[in-house]
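The values are calculated or read from the model by the stated rules, or taken from the named source; none is laboratory data. Nothing here was measured: the structure is a model prediction, and the numbers come from that model. Cβ placement follows ideal geometry from the backbone for every residue including glycine, while neighbour counts extend to all protein chains displayed.
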Amino acid sequence: MRRTKEWWGALSPEERAHLVYLERADNMCSYHDGYIPDDCSYCSACGEPQRTSGLCDECSDRLEYLIRKADDAVLGKEQKWTGK
């Protein structure tokens, strides 16, 4: 969905900042050091060890929640979202 002023307005200032942070972190490479096994890396947003690269499940869920919250606020005014 297009991110209009109304779309951003559906989020609080803290949520907007966190959304931007998570999106930027999602585009960054995860990092690895000698303290965790070779097949693991750290979440690029919160730094938690994980088996995948990019965002951990918790950060990924939060990112999806924030986007869905703003989408639903705008779509609720324009039309009812059908989930497709």
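Listed values, structure above:
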| quantity | calculated |
| --- | --- |
| Residues of the range 1-30 that turn out to be within 21 Å of Glu48 (Cα to Cα) and surrounded by fewer than 11 Cβ atoms within 10 Å (Cβ to Cβ), as a count | 2 |
| From Lys69, Lys80, residue being in a loop (DSSP other than H, G, I, E, B) and either basic (Lys, Arg) or modelled with pLDDT of 95 or more (or both) | Lys80 |
| Number of the condition not met by Cys59 [criteria: (1) at pLDDT below 90; (2) over 14 Å from Trp8 (Cα atoms)] | (1) |
| Near pairs, Cβ below 8 angstrom, 6+ apart or cross-chain, from the range 51-71 (surrounded by 14 or more Cβ atoms within 10 Å (Cβ to Cβ)) to any residue that is of a type in the set (Phe, Trp, Tyr) | Ala70/Trp7; Ala70/Trp8; Asp71/Trp7; Asp71/Trp81 |
